[in-house]
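The values are calculated or read from the model by the stated rules, or taken from the named source; none is laboratory data. On a predicted model such as this, the values are computed, not experimentally measured, just so you know. All Cβ positions, even for glycine, are placed from backbone atoms using ideal geometry, and neighbour counts span all protein chains on display. Ligands, DNA and RNA are excluded from the accessible area calculation, which covers all protein heavy atoms including side chains. Shrake-Rupley method; radii C 1.70, N 1.55, O 1.52, S 1.80 Å.
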Amino acid sequence: IPVLQIVKESQQQHGLRHGDFQRYRGYCSRRLRRLRKTLNFKMGNRHKFTGKKVTEEILSDNRYLLLILMDAERAWSYAMQLKQEANTEPRKRFHLLSRLRKAVKHAEELERLCESNRVDAKTKLEAQAYMAYLTGMLRFEHQEWKAAMEAFNKCKTIYEKLANAFTEEQAVLYNQRVEEISPNIRYCAYNIGDQSAMNELMQMRLRSGGTEGLLAEKLEALITQTRAKQAATMSEVEWRGRTVPVKIDKVRIFLLGLADNEAAIAQAENEETKERLFESLLSECRDAIQAVREDLKPDQKQREHSLENDSGKVSNIQYLHSMAKSLQKALLQQQRSEEDGKRTPRPQDLIRLYDIILQNLVELTQLPGLEEDKNFQKEIGLKTLVYKAYRCFFIAQSYVLVKKWSEALVLYERVLKYAREVQSGAGAYRNSLKELPDVQDLITQVNAEKYSLQAAAILDANDTHETESPSQVKDGKPLSERFETFCLDPSLVSKQVSLVHFPPGFQPIPCKPLFFDLALNHVAFPPLEDKVEQKAKSGLTGYIKGIFGFKS
């Protein structure tokens, strides 16, 4: 039986595409019931349980091996479900380890049965690899790094050999399994003492591209665990000339991974990968800010009490919060600049993005602890002028599209004003402005756009004058009413040709004559009493006669 193919197809079709291990466990249970019923291999009846084991003697059908495989998959899926729930309920970790041991036990039984001569060599190798994979998972959860690494390496070796022995279409599945277990091997190596494993984990995440799923989630989890170990040695960070102690573990992990994430974003080959890395980084930044904010609440009350006596002094935790907020704003700006290069949007889209960036810069100037930092305020002011210049430029571009030449020209002048203010005030802040777009390029582009705008305005004025000439003026009459007048009408060759008035207008017509019968009042009709049937008298007498059958 193709063990890995059966496992992967079942997982993808029954819940694991969305990480729903509970649904997959239910599928394994139902398939076990169907297999036992088909093979007549029931465990007793509804009143009494009678255990049965699959032995080599009854191994006449490959579905007996499927029984053992589904048992192992059911135990493994339950363990993975408990692993998700153990994040909030730590006691479930004991049950998780119990289920993993049960899965390993079933895998050992599958490997033992596959040693029979009735089983082909490929199935034997796949059973051994499956057994090694589950053993590695169990040792990994027990944090027995050396044993886990040996099991994963054995699994990896078998699958690599199988991939080389078959065609490319069949080898895809084996290579995917190798990619799944490679991060676990590197993480085990890191815990054993290999310091280069962290860099390899980052490269694996980068190679995974914009994909999502179990592999991406596993890489993120392993990288976070690795940083958590490194964060234990980190005690302080320096920002804007001040050393700030870092006591919150979540903030330590975020700051340690910041440089690695920025390097990964710079090395990303496509926009989807960059977008996914940006989203992950911003999510970590928000979590770090929230952790600092929670610790800042009592410190904020203390600052309010001592503000009158000690104005201008800011606690380390507040300074750390301000640093994290500034990092988040910088990330948002960088992400939006990346998004700008993804496609060629309309000027209105870029205006909205620059408005958001300017709002972020305003919030940066209001961060607690930075009110007295004149250099920081000056730097943010220059960045604000740069983004205002670009926003005005794209507003002018939007006016050019609707041929509002005067408004666009005024906005171009405003762009030049902002750009010259940036150039005159940059001075010592040129290094901090390197990451921003160059305003000199903007000045050159605006000057070129001004000349183009003036030429377009002159041409548009000439076109307007031509359209007002008598030979092109239309009075709204259809063609049938202006045969005697020459007029250039482009609509005659279009789909909406005005030939006649349709529907035609109302015209007066004679009314239908009215008929009055005047002779009716002077006609005497003959008597008709003899032709009309007389009605029978009604009353008590008629009723009695009707009862006894007497009729008149």
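Overview of values
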| item | result |
| --- | --- |
| Residues of the stretch 415-461 satisfying the condition of being within 38 Å of the chain's Cα centre (by Cα), open to solvent by 30 Å² or more (accessible area, probe 1.4 Å) and modelled with pLDDT of 80 or more | Tyr418, Gln440, Asp441, Gln445, Glu449 |
| So Glu379, is it under 26 Å from Arg293 (Cβ atoms), open to solvent by 20 Å² or more (accessible area, probe 1.4 Å) and not in a helix (DSSP H, G or I) | no |
| Subset of the stretch 163-192 (residues that are open to solvent by 50 Å² or more (accessible area, probe 1.4 Å), of a type outside the set (Ser, Thr, Tyr) and modelled with pLDDT under 80) | Phe166, Glu168, Glu169, Gln170, Ile192 |
| Arg33 vs. criteria part of a helix (DSSP H, G or I), under 30 Å from Phe140 (Cβ atoms), open to solvent by 50 Å² or more (accessible area, probe 1.4 Å) and assigned by the TED database to the domain that holds Leu4 | no |
| Scan of the stretch 1-47 for residues that are among the polar types (S, T, N, Q) and touching a Phe, Trp or Tyr at 6+ places or on another chain (Cβ under 9 Å), ordered by number | Ser10, Gln11, Gln13, Gln22 |
| Residues of the stretch 87-130 satisfying the condition of being hydroxyl-bearing (Ser, Thr, Tyr), without any contact (Cβ under 8 Å) to a residue 60 or more places away in the chain and outside any helix (DSSP H, G or I) | Thr88 |
| Residue under evaluation Lys48, criteria (1) in the same structural domain as Pro2 (by the TED database); (2) farther than 17 Å from Ala127 by Cβ, criterion not met | (1) |
| Hits in the stretch 101-122 (condition: within 40 Å of the chain's Cα centre (by Cα) and open to solvent by less than 70 Å² (accessible area, probe 1.4 Å)) | Ala103, Val104, His106, Ala107 |
| Residue among Leu215, Leu201 that alone is assigned to a helix (DSSP H, G or I), modelled with pLDDT under 60 and closer than 28 Å to Leu134 by Cβ | Leu215 |
| Long-range neighbours under 8 Å by Cβ, at least six apart or interchain, first residue touching a residue at least 60 places away in the same chain (Cβ under 8 Å) within the stretch 482-502, second open to solvent by less than 70 Å² (accessible area, probe 1.4 Å) | none |
| Top-ranked residue of the stretch 492-528 - restricted to ones that are under 59 Å from the mean Cα position of the chain (by Cα) and aliphatic (A, V, I, L, M), ranked as surrounded by the fewest Cβ atoms within 10 Å (Cβ to Cβ) | Val493 |
| Tally of residues being in contact with a strand residue (DSSP E or B) (Cβ under 7 Å, 6 or more places away or on another chain) and modelled with pLDDT of 80 or more across the stretch 46-59 | 0 |
| From Met43, Met80, Met70, residue being in contact with a strand residue (DSSP E or B) (Cβ under 8 Å, 6 or more places away or on another chain) and not basic (Lys, Arg) | Met43 |
| Number of the condition not met by Gln143 [criteria: (1) closer than 23 Å to Cys188 by Cβ; (2) open to solvent by 20 Å² or more (accessible area, probe 1.4 Å); (3) assigned to a helix (DSSP H, G or I); (4) in contact (Cβ under 8 Å) with a residue 12 or more places away in the chain] | (3) |
| Exclusive hit being at pLDDT 80 or above and surrounded by 14 or more Cβ atoms within 10 Å (Cβ to Cβ), set Ser406, Ser480, Ser398 | Ser398 |
| Considering residues of the stretch 46-86 that are charged (D, E, K, R), touching a residue at least 12 places away in the same chain (Cβ under 8 Å) and in a helix (DSSP H, G or I) only, the residue farthest from Ile1 (Cα to Cα) | Lys83 |
| Where Thr224 falls short, out of the listed (1) modelled with pLDDT under 75; (2) under 30 Å from Ala127 (Cβ atoms); (3) assigned to a helix (DSSP H, G or I) | (2) |
